[in-house]
Amino acid sequence: MRCFYPDSPSLGEFQREYGTAILFISHDLSAVYQLCSTVAVMYLGQIFEAGPVEALFEPPYHPYTEALLSAVPIPDPALEGTGIRLAGAVPSALDPPAGCRFHTRCPRKIGPICEQETPPCRGEPKGHRIWCHIDLEELRTVEPVFSSRQ
């Protein structure tokens, strides 16, 4: 990625040259994939998934990450994506819901536990973590958001 000034370094070059980190905030996971090495997905100020960027693009994913991924435009005609639309109004960040903050819009809500208890952290190899009441084994069975057309 290049800045608007022709002699400006890319973000990666800037990081290497100055030995610095960059905090990049976006809902656009395609841009996140291009620019970041480590990602944290947040909803209403709470982290729901974190780890290496590659881990976010393959199951298991948190249902919110899955919804964000389904909003990524797919320019490759050989690929198709799922179309998840979140229902309901976004709760207030000043007065977030009890339990899992995403439960009011979650298409995979499993019951009262989501409304009453904060989700546990479930660890994956290589530092990938998901905060969800759904077991990782079940999240692994979710169809990938991106797949080849048959």
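The values are calculated or read from the model by the stated rules, or taken from the named source; none is laboratory data. Computed from a prediction, not measured in an experiment: that's the story for all the values here. Glycine gets a Cβ as well: all are built from the backbone with ideal geometry, and neighbour counts include every protein chain shown. Quick note on the areas: whole protein, heavy atoms, side chains included, nothing else; ligands and nucleic acids left out. Shrake-Rupley method; radii C 1.70, N 1.55, O 1.52, S 1.80 Å.
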Per the filter on segment 10-24, residues of a type in the set (S, T, N, Q) and surrounded by 10 or more Cβ atoms within 10 Å (Cβ to Cβ) are S10, Q15
Of (1) part of a loop (DSSP other than H, G, I, E, B); (2) at pLDDT 75 or above; (3) under 30 Å from T118 (Cα atoms), F48 fails just (1)
Would you mind finding the one in P63, P120 that is within 23 Å of T38 (Cα to Cα) and either open to solvent by 20 Å² or more (accessible area, probe 1.4 Å) or modelled with pLDDT of 95 or more (or both)?
-> P120
Checked against (1) touching a Pro at 6+ places or on another chain (Cβ under 7 Å); (2) at negative phi; (3) open to solvent by 30 Å² or more (accessible area, probe 1.4 Å); (4) in a helix (DSSP H, G or I), K126 satisfies every condition except (2)
Being open to solvent by less than 70 Å² (accessible area, probe 1.4 Å) and small (G, A, S) is the filter; apply it to segment 25-42 and report the residue that is nearest to H62 (Cα to Cα).
-> A40
The condition from (1) aliphatic (A, V, I, L, M); (2) over 17 Å from A67 (Cα atoms); (3) open to solvent by 70 Å² or more (accessible area, probe 1.4 Å) that I113 misses is numbered (3)
Examine segment 134-143 for a residue that is within 16 Å of A50 (Cα to Cα), open to solvent by 50 Å² or more (accessible area, probe 1.4 Å) and of a type in the set (A, V, I, L, M, F, W, C), and state whether such a residue exists.
-> no
